[in-house]
1. From the residues Thr323, Phe285, Ser311, which one has its Cα farthest along the dipole of region 277-325 in the positive direction, the dipole being from +1 and -1 charges on Cβ of Lys/Arg and Asp/Glu about the Cα centre?
2. In deg cm²/dmol, rounded to 500, what helix-only [θ] at 222 nm does the chain give when every DSSP H run of at least 4 residues adds -39500 (n - 2.57) and the total is split over its residues?
3. Applying the Karplus parametrisation 6.51 cos²θ - 1.76 cosθ + 1.60 with θ = phi - 60° to the phi angles of region 367-381, what ³J(HN,Hα) value in whole Hz is obtained for each residue in order, glycine and proline being reported as x?
4. How large a share of the accessible area of region 104-148, in percent, is made up of carbon and sulfur atoms when the probe is 1.4 Å and the other protein chains stay in place?
5. Under 18 Å Cα to Cα from Lys61, which lysines show up? Leave out anything in the same chain fewer than 8 places away.
6. Tell me the per residue accessible area of the chain using a 1.4 Å probe; a whole number in Å² is fine.
7. Quote to one decimal, in nm, the extra length available between Glu195 and Lys351 on full extension: 0.36 nm per residue of separation minus the C-alpha distance between them.
8. Consider the candidate values [x] 72, 60, 33; [y] 79, 45, 39; [z] 201, 44, 40; state which one is Cα extents along the principal axes in Å computed from the structure displayed.
Amino acid sequence: MQKDEQLQILKDLIQIQTPNGNELAVSEYIGKLFDRYHVPYKIDRFDDNRANLVAEIGEGKTDQVLAFEGHQDTVAVSDPDKWEHQPFEPFITDGKLYGRGSADMKSGLAAEVISLIELVADKVPIKGKIRLIATAGEEYGTPGANRLAANGIAKDVSAMVVGEPTSGQVVYAHSGSLNYQIKSYGKAVHSSIPEKGINAIVGLSKYIDAEAGLFDQAPKDPFLGTVKHSVTLIKGGEQVNIIPDYAELAGNIRPTLSFDNDHVIQTIKTAIDKINSETDYHLEFSLIHNFRPVETDPKNQFVQLAKNVASDKYQDRSVGLTTINGATDASVFIKNNPNMAVVVLGPDAWKVAHQTNEYTTLDSFYETIQVYQAIVKRYFG
(Lines give C-alpha, C1' and ligand atoms only; values in the text may rest on other atoms or scores of the structure.)
Protein backbone atom coordinates (compact mmCIF):
# COMPACT_ATOMS: atom_id res chain seq x y z
CA MET A 1 0.00 0.00 0.00
CA GLN A 2 1.38 3.41 -0.96
CA LYS A 3 1.72 6.20 1.61
CA ASP A 4 -1.04 8.24 0.00
CA GLU A 5 -3.39 5.25 0.37
CA GLN A 6 -2.41 4.82 4.01
CA LEU A 7 -2.96 8.52 4.66
CA GLN A 8 -6.37 8.45 2.99
CA ILE A 9 -7.52 5.73 5.38
CA LEU A 10 -6.56 7.89 8.35
CA LYS A 11 -8.32 10.91 6.84
CA ASP A 12 -11.44 8.89 6.19
CA LEU A 13 -11.54 7.65 9.79
CA ILE A 14 -11.23 11.18 11.17
CA GLN A 15 -14.04 12.39 8.90
CA ILE A 16 -16.36 9.78 10.42
CA GLN A 17 -17.58 11.63 13.50
CA THR A 18 -17.54 9.33 16.53
CA PRO A 19 -17.65 11.51 19.65
CA ASN A 20 -18.92 9.05 22.26
CA GLY A 21 -20.86 7.05 19.66
CA ASN A 22 -21.46 6.22 15.97
CA GLU A 23 -18.74 3.54 15.92
CA LEU A 24 -20.84 1.41 13.57
CA ALA A 25 -19.85 3.72 10.72
CA VAL A 26 -16.18 3.13 11.46
CA SER A 27 -16.65 -0.64 11.72
CA GLU A 28 -18.46 -0.71 8.39
CA TYR A 29 -15.72 1.37 6.77
CA ILE A 30 -13.01 -0.95 8.08
CA GLY A 31 -15.11 -3.95 7.03
CA LYS A 32 -15.21 -2.70 3.43
CA LEU A 33 -11.44 -2.35 3.45
CA PHE A 34 -11.05 -5.86 4.80
CA ASP A 35 -13.46 -7.21 2.17
CA ARG A 36 -11.27 -5.70 -0.53
CA TYR A 37 -8.12 -7.30 0.87
CA HIS A 38 -9.67 -10.61 2.03
CA VAL A 39 -9.18 -10.10 5.78
CA PRO A 40 -11.76 -12.12 7.79
CA TYR A 41 -13.71 -10.06 10.34
CA LYS A 42 -16.97 -9.79 12.28
CA ILE A 43 -18.94 -6.72 13.35
CA ASP A 44 -20.65 -6.82 16.73
CA ARG A 45 -23.46 -4.26 16.45
CA PHE A 46 -25.40 -2.95 19.46
CA ASP A 47 -27.45 0.05 20.61
CA ASP A 48 -28.43 1.29 17.13
CA ASN A 49 -25.21 2.93 15.91
CA ARG A 50 -22.58 1.33 18.10
CA ALA A 51 -20.33 -1.58 17.15
CA ASN A 52 -17.15 -3.50 17.84
CA LEU A 53 -15.10 -5.12 15.08
CA VAL A 54 -12.91 -8.19 15.47
CA ALA A 55 -10.64 -9.46 12.70
CA GLU A 56 -8.29 -12.44 12.79
CA ILE A 57 -5.55 -13.75 10.54
CA GLY A 58 -2.91 -16.46 10.88
CA GLU A 59 -2.53 -20.22 10.62
CA GLY A 60 -3.32 -21.03 14.27
CA LYS A 61 -0.69 -23.77 14.40
CA THR A 62 0.64 -22.51 17.74
CA ASP A 63 -1.10 -21.16 20.83
CA GLN A 64 0.41 -17.69 20.32
CA VAL A 65 -2.26 -15.02 19.93
CA LEU A 66 -1.06 -11.48 19.39
CA ALA A 67 -3.79 -8.86 19.73
CA PHE A 68 -3.79 -5.33 18.37
CA GLU A 69 -6.39 -3.32 20.26
CA GLY A 70 -7.88 0.10 19.65
CA HIS A 71 -11.04 2.13 20.08
CA GLN A 72 -13.15 3.73 17.38
CA ASP A 73 -14.70 6.57 19.39
CA THR A 74 -13.31 9.98 20.28
CA VAL A 75 -14.09 12.54 22.93
CA ALA A 76 -16.47 15.33 22.01
CA VAL A 77 -15.48 18.70 20.56
CA SER A 78 -16.62 21.12 23.25
CA ASP A 79 -15.91 24.37 21.37
CA PRO A 80 -15.22 23.95 17.63
CA ASP A 81 -14.75 27.73 17.21
CA LYS A 82 -11.48 27.45 19.16
CA TRP A 83 -10.01 25.10 16.57
CA GLU A 84 -7.76 26.62 13.91
CA HIS A 85 -9.23 24.12 11.41
CA GLN A 86 -12.49 22.20 11.31
CA PRO A 87 -12.07 19.30 13.78
CA PHE A 88 -13.55 16.66 11.46
CA GLU A 89 -11.90 17.90 8.27
CA PRO A 90 -8.30 16.65 8.40
CA PHE A 91 -5.80 19.43 7.70
CA ILE A 92 -2.11 18.89 7.02
CA THR A 93 0.63 21.47 7.59
CA ASP A 94 4.30 21.22 8.57
CA GLY A 95 4.15 17.43 8.73
CA LYS A 96 1.21 17.41 11.14
CA LEU A 97 -2.33 16.18 10.53
CA TYR A 98 -4.92 18.02 12.61
CA GLY A 99 -8.36 16.70 13.52
CA ARG A 100 -10.38 15.20 16.36
CA GLY A 101 -9.09 11.69 16.94
CA SER A 102 -5.91 12.23 14.92
CA ALA A 103 -3.91 11.32 18.03
CA ASP A 104 -6.49 9.53 20.20
CA MET A 105 -6.66 7.22 18.52
CA LYS A 106 -7.59 6.97 14.88
CA SER A 107 -3.96 7.14 13.79
CA GLY A 108 -3.17 4.10 15.93
CA LEU A 109 -6.32 2.32 14.76
CA ALA A 110 -5.53 3.07 11.11
CA ALA A 111 -1.98 1.77 11.61
CA GLU A 112 -3.36 -1.48 13.05
CA VAL A 113 -5.85 -1.91 10.20
CA ILE A 114 -3.24 -1.18 7.54
CA SER A 115 -0.79 -3.57 9.19
CA LEU A 116 -3.24 -6.48 8.95
CA ILE A 117 -4.02 -5.66 5.33
CA GLU A 118 -0.35 -5.51 4.34
CA LEU A 119 0.55 -8.68 6.24
CA VAL A 120 -2.16 -10.52 4.31
CA ALA A 121 -1.24 -8.90 0.99
CA ASP A 122 2.43 -9.74 1.48
CA LYS A 123 1.57 -13.31 2.55
CA VAL A 124 3.68 -13.03 5.68
CA PRO A 125 3.65 -16.43 7.45
CA ILE A 126 1.97 -16.27 10.87
CA LYS A 127 2.15 -19.54 12.76
CA GLY A 128 -0.23 -18.40 15.49
CA LYS A 129 -2.98 -15.81 15.24
CA ILE A 130 -3.20 -12.03 15.03
CA ARG A 131 -6.43 -10.55 16.33
CA LEU A 132 -7.55 -6.97 15.79
CA ILE A 133 -9.99 -5.80 18.47
CA ALA A 134 -11.64 -2.46 17.65
CA THR A 135 -14.01 -1.32 20.38
CA ALA A 136 -16.83 1.13 21.00
CA GLY A 137 -17.00 3.58 23.88
CA GLU A 138 -13.52 3.46 25.35
CA GLU A 139 -13.71 7.14 26.18
CA TYR A 140 -16.73 6.68 28.43
CA GLY A 141 -17.73 3.48 30.18
CA THR A 142 -16.10 0.91 27.82
CA PRO A 143 -19.38 -0.74 26.77
CA GLY A 144 -17.73 -2.30 23.72
CA ALA A 145 -14.80 -3.81 25.57
CA ASN A 146 -17.13 -5.14 28.26
CA ARG A 147 -19.31 -6.87 25.64
CA LEU A 148 -16.29 -8.50 24.04
CA ALA A 149 -14.71 -9.47 27.36
CA ALA A 150 -17.96 -11.16 28.41
CA ASN A 151 -17.62 -13.33 25.31
CA GLY A 152 -14.00 -14.19 26.12
CA ILE A 153 -12.42 -12.32 23.22
CA ALA A 154 -9.07 -11.92 24.99
CA LYS A 155 -8.95 -15.04 27.17
CA ASP A 156 -6.48 -16.76 24.86
CA VAL A 157 -4.40 -13.68 24.01
CA SER A 158 -0.75 -14.13 24.94
CA ALA A 159 0.34 -10.54 24.17
CA MET A 160 -1.50 -7.31 23.38
CA VAL A 161 -0.51 -4.02 21.77
CA VAL A 162 -2.86 -1.14 22.59
CA GLY A 163 -2.52 1.50 19.87
CA GLU A 164 -3.17 4.59 22.00
CA PRO A 165 -0.92 7.59 21.31
CA THR A 166 2.36 7.26 23.20
CA SER A 167 4.60 9.33 20.92
CA GLY A 168 6.52 6.14 20.16
CA GLN A 169 7.29 5.34 23.79
CA VAL A 170 6.58 1.85 25.12
CA VAL A 171 4.19 1.94 28.07
CA TYR A 172 4.43 -1.26 30.12
CA ALA A 173 2.08 -0.27 32.96
CA HIS A 174 -0.83 2.05 33.51
CA SER A 175 -3.04 2.77 36.47
CA GLY A 176 -6.65 1.80 36.79
CA SER A 177 -9.42 4.37 36.87
CA LEU A 178 -12.23 4.29 39.41
CA ASN A 179 -15.10 6.82 39.27
CA TYR A 180 -17.47 7.04 42.20
CA GLN A 181 -20.31 9.12 43.61
CA ILE A 182 -21.20 10.03 47.18
CA LYS A 183 -24.70 11.22 48.02
CA SER A 184 -25.30 13.21 51.19
CA TYR A 185 -28.73 13.34 52.85
CA GLY A 186 -29.71 15.92 55.46
CA LYS A 187 -32.74 17.86 56.68
CA ALA A 188 -34.04 21.02 54.99
CA VAL A 189 -35.04 24.04 57.08
CA HIS A 190 -35.08 27.80 56.61
CA SER A 191 -31.60 29.30 56.75
CA SER A 192 -32.65 31.48 59.69
CA ILE A 193 -32.76 28.36 61.91
CA PRO A 194 -29.84 26.23 60.64
CA GLU A 195 -29.47 24.49 64.00
CA LYS A 196 -32.79 22.69 63.37
CA GLY A 197 -31.62 21.24 60.05
CA ILE A 198 -28.87 18.98 58.76
CA ASN A 199 -26.82 20.60 55.98
CA ALA A 200 -26.07 17.97 53.33
CA ILE A 201 -23.30 20.11 51.87
CA VAL A 202 -21.48 20.15 55.21
CA GLY A 203 -21.86 16.37 55.24
CA LEU A 204 -19.94 16.22 51.97
CA SER A 205 -17.32 18.56 53.36
CA LYS A 206 -16.63 16.03 56.12
CA TYR A 207 -15.80 13.46 53.44
CA ILE A 208 -13.74 15.95 51.40
CA ASP A 209 -11.64 16.71 54.48
CA ALA A 210 -11.09 12.98 55.03
CA GLU A 211 -10.40 12.29 51.35
CA ALA A 212 -7.38 14.59 51.31
CA GLY A 213 -5.39 12.08 53.37
CA LEU A 214 -7.37 8.94 52.72
CA PHE A 215 -4.66 7.14 50.74
CA ASP A 216 -1.57 8.46 52.52
CA GLN A 217 -0.84 5.01 53.96
CA ALA A 218 -1.42 3.13 50.70
CA PRO A 219 1.72 1.26 49.63
CA LYS A 220 3.71 2.73 46.78
CA ASP A 221 3.61 0.62 43.64
CA PRO A 222 7.06 -0.27 42.22
CA PHE A 223 5.97 0.75 38.71
CA LEU A 224 3.08 3.20 39.10
CA GLY A 225 4.01 4.93 42.34
CA THR A 226 1.33 6.43 44.59
CA VAL A 227 -2.44 6.25 44.24
CA LYS A 228 -3.73 9.42 42.54
CA HIS A 229 -7.08 10.71 43.78
CA SER A 230 -9.32 13.76 43.41
CA VAL A 231 -12.81 15.02 44.14
CA THR A 232 -13.83 16.42 40.77
CA LEU A 233 -17.57 17.25 40.82
CA ILE A 234 -19.87 18.65 43.47
CA LYS A 235 -23.39 20.03 43.58
CA GLY A 236 -26.02 20.72 46.21
CA GLY A 237 -28.70 23.08 47.35
CA GLU A 238 -31.62 24.64 45.51
CA GLN A 239 -32.13 28.04 47.11
CA VAL A 240 -29.83 30.38 49.00
CA ASN A 241 -32.06 30.69 52.07
CA ILE A 242 -32.76 26.99 52.55
CA ILE A 243 -30.48 24.53 54.34
CA PRO A 244 -30.01 21.80 51.69
CA ASP A 245 -31.22 18.28 52.43
CA TYR A 246 -29.31 16.75 49.52
CA ALA A 247 -25.89 17.15 47.92
CA GLU A 248 -23.59 14.92 45.90
CA LEU A 249 -20.03 14.70 44.71
CA ALA A 250 -18.03 12.56 42.34
CA GLY A 251 -14.39 11.63 42.41
CA ASN A 252 -11.76 9.80 40.40
CA ILE A 253 -9.03 7.52 41.72
CA ARG A 254 -6.14 5.83 39.90
CA PRO A 255 -5.54 2.44 41.59
CA THR A 256 -2.33 0.44 41.26
CA LEU A 257 -1.64 -3.27 41.63
CA SER A 258 -0.13 -2.59 45.06
CA PHE A 259 -3.35 -0.84 46.15
CA ASP A 260 -5.98 -2.08 43.76
CA ASN A 261 -9.62 -1.21 43.11
CA ASP A 262 -10.97 -3.43 45.88
CA HIS A 263 -8.70 -1.76 48.45
CA VAL A 264 -9.71 1.68 47.18
CA ILE A 265 -13.43 0.92 47.47
CA GLN A 266 -13.07 -0.51 50.96
CA THR A 267 -11.08 2.53 52.09
CA ILE A 268 -13.78 4.92 50.89
CA LYS A 269 -16.55 2.87 52.48
CA THR A 270 -14.70 2.77 55.79
CA ALA A 271 -14.35 6.56 55.77
CA ILE A 272 -18.06 6.98 55.02
CA ASP A 273 -19.06 4.53 57.75
CA LYS A 274 -17.00 6.51 60.24
CA ILE A 275 -18.67 9.81 59.29
CA ASN A 276 -22.13 8.24 59.43
CA SER A 277 -21.51 6.70 62.85
CA GLU A 278 -19.89 9.74 64.46
CA THR A 279 -22.11 12.55 63.07
CA ASP A 280 -25.71 13.28 62.12
CA TYR A 281 -24.82 13.24 58.45
CA HIS A 282 -25.75 10.34 56.18
CA LEU A 283 -23.53 9.56 53.19
CA GLU A 284 -23.98 6.82 50.58
CA PHE A 285 -21.31 5.49 48.21
CA SER A 286 -21.93 4.22 44.66
CA LEU A 287 -19.51 2.97 42.03
CA ILE A 288 -19.73 4.48 38.52
CA HIS A 289 -16.76 3.00 36.61
CA ASN A 290 -14.21 0.46 37.76
CA PHE A 291 -11.17 -0.11 35.53
CA ARG A 292 -8.25 -2.24 36.70
CA PRO A 293 -4.54 -1.31 36.61
CA VAL A 294 -2.43 -3.03 33.97
CA GLU A 295 1.19 -3.93 34.64
CA THR A 296 3.70 -6.05 32.76
CA ASP A 297 7.23 -6.34 34.12
CA PRO A 298 9.52 -4.13 32.00
CA LYS A 299 11.92 -7.08 31.77
CA ASN A 300 9.20 -9.18 30.13
CA GLN A 301 10.30 -10.60 26.79
CA PHE A 302 7.42 -9.02 24.87
CA VAL A 303 8.02 -5.60 26.42
CA GLN A 304 11.66 -5.80 25.42
CA LEU A 305 10.72 -6.95 21.91
CA ALA A 306 8.40 -3.94 21.50
CA LYS A 307 11.07 -1.55 22.74
CA ASN A 308 13.71 -2.95 20.41
CA VAL A 309 11.39 -2.68 17.42
CA ALA A 310 10.27 0.85 18.30
CA SER A 311 13.89 1.93 18.76
CA ASP A 312 14.70 0.60 15.30
CA LYS A 313 11.74 2.15 13.47
CA TYR A 314 11.20 5.57 15.05
CA GLN A 315 13.96 7.60 13.47
CA ASP A 316 13.53 11.01 15.11
CA ARG A 317 13.29 10.16 18.81
CA SER A 318 14.78 8.16 21.63
CA VAL A 319 12.45 5.35 22.69
CA GLY A 320 12.12 4.40 26.34
CA LEU A 321 10.02 2.31 28.68
CA THR A 322 7.52 4.27 30.75
CA THR A 323 4.24 4.23 32.68
CA ILE A 324 1.13 6.41 32.56
CA ASN A 325 -1.74 7.20 34.91
CA GLY A 326 -4.39 6.98 32.18
CA ALA A 327 -6.42 3.83 31.61
CA THR A 328 -7.17 1.87 28.41
CA ASP A 329 -9.44 -0.93 27.24
CA ALA A 330 -6.76 -3.32 28.48
CA SER A 331 -8.13 -2.64 31.98
CA VAL A 332 -11.21 -4.60 30.91
CA PHE A 333 -9.48 -7.41 29.06
CA ILE A 334 -6.89 -8.06 31.77
CA LYS A 335 -9.60 -9.15 34.21
CA ASN A 336 -10.12 -12.43 32.33
CA ASN A 337 -6.47 -12.86 31.41
CA PRO A 338 -4.20 -11.45 34.15
CA ASN A 339 -1.07 -13.07 32.72
CA MET A 340 -1.40 -11.40 29.31
CA ALA A 341 1.60 -9.24 28.42
CA VAL A 342 0.42 -5.73 27.50
CA VAL A 343 2.17 -2.74 25.99
CA VAL A 344 0.64 0.56 24.96
CA LEU A 345 2.43 1.85 21.87
CA GLY A 346 1.29 4.32 19.26
CA PRO A 347 2.09 7.46 17.28
CA ASP A 348 2.10 11.16 18.16
CA ALA A 349 1.10 13.11 20.06
CA TRP A 350 -0.07 12.04 23.49
CA LYS A 351 0.29 15.55 24.92
CA VAL A 352 -2.54 16.82 22.68
CA ALA A 353 -5.00 13.93 23.09
CA HIS A 354 -8.46 15.33 23.98
CA GLN A 355 -7.17 18.86 23.34
CA THR A 356 -8.18 21.63 20.95
CA ASN A 357 -6.16 21.40 17.71
CA GLU A 358 -5.34 17.74 18.33
CA TYR A 359 -2.82 16.37 15.84
CA THR A 360 -0.57 13.49 14.90
CA THR A 361 2.61 13.66 12.86
CA LEU A 362 2.79 11.97 9.50
CA ASP A 363 6.25 10.54 10.20
CA SER A 364 5.10 8.87 13.41
CA PHE A 365 1.99 7.50 11.69
CA TYR A 366 3.95 5.85 8.89
CA GLU A 367 6.61 4.59 11.29
CA THR A 368 3.97 3.09 13.59
CA ILE A 369 2.70 0.97 10.71
CA GLN A 370 6.24 -0.35 10.30
CA VAL A 371 6.53 -0.91 14.05
CA TYR A 372 3.37 -3.02 14.24
CA GLN A 373 4.37 -5.21 11.32
CA ALA A 374 7.89 -5.67 12.68
CA ILE A 375 6.48 -6.69 16.06
CA VAL A 376 4.43 -9.36 14.30
CA LYS A 377 7.39 -10.73 12.37
CA ARG A 378 9.66 -10.89 15.43
CA TYR A 379 6.96 -12.26 17.72
CA PHE A 380 6.19 -15.18 15.42
CA GLY A 381 9.84 -15.76 14.62
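The values are calculated or read from the model by the stated rules, or taken from the named source; none is laboratory data. All values derive from a computational prediction rather than experimental measurement. In this analysis, Cβ positions are derived from the backbone assuming ideal geometry, glycine residues included, and neighbour counts consider all displayed protein chains. Calculation scope for accessible area: heavy atoms of the full protein, side chains included, ligands and nucleic acids excluded. Shrake-Rupley method; radii C 1.70, N 1.55, O 1.52, S 1.80 Å.
1. In region 277-325, that residue is Ser311.
2. -9500 deg cm²/dmol
3. My calculation for region 367-381 gives 5, 5, 4, 5, 4, 4, 5, 5, 4, 4, 5, 6, 5, 9, x Hz in order.
4. That share works out to 51 percent.
5. Cross-link targets: Lys123, Lys127, Lys129, Lys155, Lys377.
6. Result: 44 Å² per residue.
7. Stretched out fully, the Glu195 to Lys351 stretch lengthens by 51.2 nm.
8. Correct label is [y].
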